[in-house]
Each structure stands twice: as C-alpha cells, then as structure tokens.
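Below: one structure, written as structure tokens.
The values are calculated or read from the model by the stated rules, or taken from the named source; none is laboratory data. The shown structure was predicted, so the numbers you read here are calculated from the model rather than taken from an experiment. Because the Cβ atoms are built from the backbone with ideal geometry, glycine has one as well, and the counts that use them run over all protein chains shown. Please note that ligands, DNA and RNA were not included when accessible areas were found on the heavy atoms of the full protein model with its side chains. Shrake-Rupley method; radii C 1.70, N 1.55, O 1.52, S 1.80 Å.
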Amino acid sequence: MNAADVNLYLVGFMGTGKTTVGRAVSPRLGFPCLDSDQEIERTTGKTIPEIFATEGEAEFRRLERAYITDGHPSSRVIVACGGGLVVQPGMRELLHERGVVICLHASFETILARVGRQGNRPLLDVADKEDRVRQLYAEREPIYKRAGTVILTDSRPLREVVAHVIRVWQREAADFVRKKGSG
C-alpha cells in the first residue's frame with residue numbers, strides 16, 4: 001500500500017467537528033468522507049435514535065463494529081466516526097489496523113454549545129443534557145486522548161484545523177505503510 005492511499009479515521013467526542021472537518025479534508029485528499037452514523041442509517045433504513053429505541057445501544061455498537069470491519073473501503077476514504085465508536089473495547093486497535101486515527105478535541109463548553117443545538121443524539125435524550133454531556137465527557141476523555149494524535153478544534157478556523165489534520169495524516173500514513181511492510 002502507498003501512503004497516499006491510507007484511510008483516515010476521525011474520532012472524538014460528539015460535537016468536536018469530525019464530520020465537518022472530514023468533509024473539508026475530503027477534496028484536499030481526493031477521498032470521499034463517510035460518516036459512520038449516516039452510513040449505518042443508510043444501510044439499516046433507520047435513524048440512530050430509532051436504532052437505540054427499538055434495538056438498543058448494544059445493537060448499535062455491533063453495527064458500528066461491522067461498519068469498521070466490513071462496511072467501508074479498505075483504502076482512500078475518510079471516516080468520521082460516531083462519538084462512542086472508539087470507546088468500545090477493541091475498536092481503537094481495529095481502527096489502527098486500518099489506517100491513521102486522529103482524535104479531534106474541543107473544550108467541554110464548546111461541545112455543549114455545539115450539541116445543544118442538535119436533537120439527534122440518543123445518549124443526550126435526558127432531562128439534564130449538560131450533566132449528561134459532562135458525565136460522558138469525563139468517562140470518555142481519557143480514551144480519546146489515547147486513540148490517536150489529538151488536534152484541538154476550539155477557536156480555530158476550519159482551514160487551520162484541516163491543514164493540521166492533513167499534515168498529521170501525511171506523516172502517520174507514511175509510518176502506517178512502513179509498519180505494515182515490516183509486520
């Protein structure tokens with residue numbers, strides 16, 4: 001595999017900009033950007049809230065794993081991963097076997113402002129959304145920080161975040177190919 005063909009996986013907490021950044025990086029790399037949640041909705045014919053309500057979170061997590069294992073191209077694609085995808089046991093390792101993993105990060109306040117405007121997040125379908133975000137953020141933050149190179153998205157122009165993501169991807173894609181060649 002050539003370094004220019006290595007997949008890019010964007011992970012991080014909800015509201016950190018994974019899909020927005022992925023879509024902005026897409027034309028620069030010439031890769032399509034696929035949002036794992038949107039792809040799961042497309043293939044199942046159900047929204048994420050419907051899957052959670054009718055089949056439960058465990059089934060949704062199974063669908064996420066299946067998507068990463070078999071549901072997308074093995075090269076030349078950007079995947080904006082759902083916020084909880086990398087938190088599941090073994091998923092961080094699975095992503096690293098398939099490409100470069102970059103974790104987008106934002107402050108709690110930024111995340112709360114971003115997700116507060118959206119109603120399509122079943123884990124936030126609670127009375128005290130702020131408390132739930134705070135709880136999930138505290139639980140997941142250590143995992144995200146170990147998932148891949150961390151890039152902050154707070155108070156930065158999108159073009160700057162995109163340039164940073166591309167620089168990291170280029171460096172780590174070369175490392176990925178070297179490791180695959182020697183492994």
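For the stretch 28-41, the set of residues classified as within 22 Å of GLY15 (Cα to Cα), in a helix (DSSP H, G or I) and open to solvent by 50 Å² or more (accessible area, probe 1.4 Å) consists of GLN38, GLU41, listed by residue number. Looking only at residues in the stretch 54-75 that are of a type in the set (A, V, I, L, M) and touching a residue at least 12 places away in the same chain (Cβ under 8 Å), the one that is nearest to VAL86 (Cα to Cα) is ILE68.
Within the stretch 151-176, being under 17 Å from the mean Cα position of the chain (by Cα) and open to solvent by 60 Å² or more (accessible area, probe 1.4 Å) holds for LEU152, LEU158.
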